[in-house]
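Asker: Right, I'll just put the structure down here and ask away after.
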Amino acid sequence: MLSWEGVSEFVAVAETGSFTAAANRLSISTAQVSRQVSALEARLDAKLFYRTTRKVTITDTGQVYYNHCRQVLDGLAEAERAISDLNQRPTGRLNLTAPVTFGENQIAPLVNDFLSHYPELEVNLVLTNQLLDLVAESYDLAIRLGTLEDSSMMAKRLASRSHYTCAAPDYLARYGTPHTLAELDAHNCLQGTLGYWRFQEKGTTRHIRVKGNLRCNSGWTLVDAARKNIGLVQLPDYYVAPELRAGRLVSVLDGYRAPDDGIWAIYPQNRHLSPKVRLLLDHLAQGLRQTEG
């Protein structure tokens, strides 16, 4: 079984270059530091320091051992901080950003629930469809939808979203229900910002150019138009799920539906995740997965 005796003393000597300075750092006697380091060398059967009356120099073997010990001690300190964090309520400021519509309808209510549990927090939630620079603008995290492009960030998948192609029952009764992608040419396809719809056919993702008499960057406007029998729409589940459940819209081309894509939280790689950020991530993931169901 590994023993930790002497490790703290060894690291202190390696970092201060002196048994006396190491003793002062650890608030113990110089003799105790010397005894512990000597016992450690005997246990390892290796010389860790060259000692003279005026100088202490770490050996090559000691340097290798120090590198490993430093990592272990840092890990122990991080573990202690994590336990300490669990016993503290999150406080301070938390900056996050999310897309406008998804943020308003999905993220903001969850953030408000989070604030109700932790009123000591101060949250700055910025809803924008622009991809903000998290590091330069000091954001703790951002919510992103779909395919991630910025590989310099850490990412946590919170949930998934599905896209549905759908129309009102009266529209389908009048113009027919499409059963193949080729049949979309005969329909009024109401478009968002992309100008194409995404499907999967025989395991391959396809982007189908569609045409229609309405283009709008508001999903709610497209939902309203579909409900008024103007045409077909393709939108994420958080727009159309209530309409589908109520029967006001009907899903079509389900056999061609593209695989679900991600709802992500991203944050800078080198930024330590504080307890408040970790708690919020867990809260968002739980809330969004309940919405999926």
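The values are calculated or read from the model by the stated rules, or taken from the named source; none is laboratory data. All values derive from a computational prediction rather than experimental measurement. Heads up, the Cβs are rebuilt from the backbone with ideal geometry, glycines too, and the neighbour counts pull from every protein chain shown. For accessibility, only protein heavy atoms count, side chains too; no ligands or nucleic acids. Shrake-Rupley method; radii C 1.70, N 1.55, O 1.52, S 1.80 Å.
Asker: Angle, helix 275-292 long axis vs. longest principal axis of the chain, Cα atoms, 0 to 90°, nearest 10?
Answerer: That helix lies at roughly 30 degrees to the long axis.
Asker: Okay, next question. Can you list the lysines whose alpha carbon is less than 23 Å from that of residue 276, not counting same-chain residues fewer than 8 positions off?
Answerer: Reachable lysines: 156.
Asker: If you don't mind, another one. How about residue 228: which aspartates and glutamates have a C-alpha closer than 12 Å to its C-alpha, ignoring those fewer than 8 places off in the same chain?
Answerer: 170
Asker: Tell me the trypsin sites (Lys or Arg not before Pro) within region 146-224 that lie in a loop according to DSSP and have at most 14 other beta-carbon atoms within 10 Å.
Answerer: Answer by residue number: 202, 211.
Asker: What Kirkwood radius, in Å to one decimal, follows from the Cα pairs of region 97-177?
Answerer: 15.6 Å
Asker: Determine by what factor the alpha-carbon radius of gyration of region 110-266 differs from 2.2 N^0.38 Å, reporting the quotient.
Answerer: 1.22
Asker: Right, something else. Rounding to the nearest 10 and keeping the result within 0 to 90°, find how far the Cα-based axis of helix 7-16 lies from the longest principal axis of the chain.
Answerer: Here the helix axis deviates by roughly 80 degrees.
Asker: Report the net charge of residues surrounding residue 181, where surrounding means a beta-carbon distance below 15 angstrom and charges are Lys +1, Arg +1, Asp -1, Glu -1.
Answerer: +2
Asker: Check cross-link reach from residue 47 to the lysines: straight Cα distance under 26 Å, and skip same-chain residues fewer than eight apart.
Answerer: Within the straight-line limit of under 26 Å, residue 47 reaches these lysines: 55.
Asker: To test your reading of the geometry: what angle, between 0 and 90 degrees and rounded to tens, separates the Cα axis of helix 108-117 from the longest principal axis of the chain?
Answerer: The angle comes out at about 40 degrees.
Asker: Using a 1.4 angstrom probe, figure out how much accessible area the chain has per residue, in square angstrom, rounded to the nearest whole.
Answerer: Ligands and nucleic acids excluded, the result is 56 Å² per residue.
Asker: Further, regarding this structure: If all Cα-Cα distances of the chain are sorted into 10 Å bins from 0 onward, what percent lands in each bin, rounded to whole numbers?
Answerer: Here the calculated profile for the chain is 5, 20, 19, 15, 14, 10, 7, 6, 2, 0.
Asker: Which value at 222 nm does the chain reach when only helices count, each DSSP H run of 4 or more adding -39,500 (n - 2.57), with the total divided by all residues and rounded to the nearest 500 deg cm²/dmol? Walk me through the numbers on the way to the answer.
Answerer: Details: 9 runs with 114 residues, N = 293.
Roughly -12500 deg cm²/dmol at 222 nm, from the helical runs in the chain.
Asker: State the percentage of accessible surface on the chain attributable to carbon and sulfur atoms; use a 1.4 Å probe and exclude ligands, DNA and RNA.
Answerer: Numbers: 8070 of 16550 Å².
The computed percentage sits at 49.
Asker: With Cβ to Cβ distances under 15 Å as the rule, what net charge do the other residues near residue 232 carry (K, R +1; D, E -1)?
Answerer: Here the count lands on +3.
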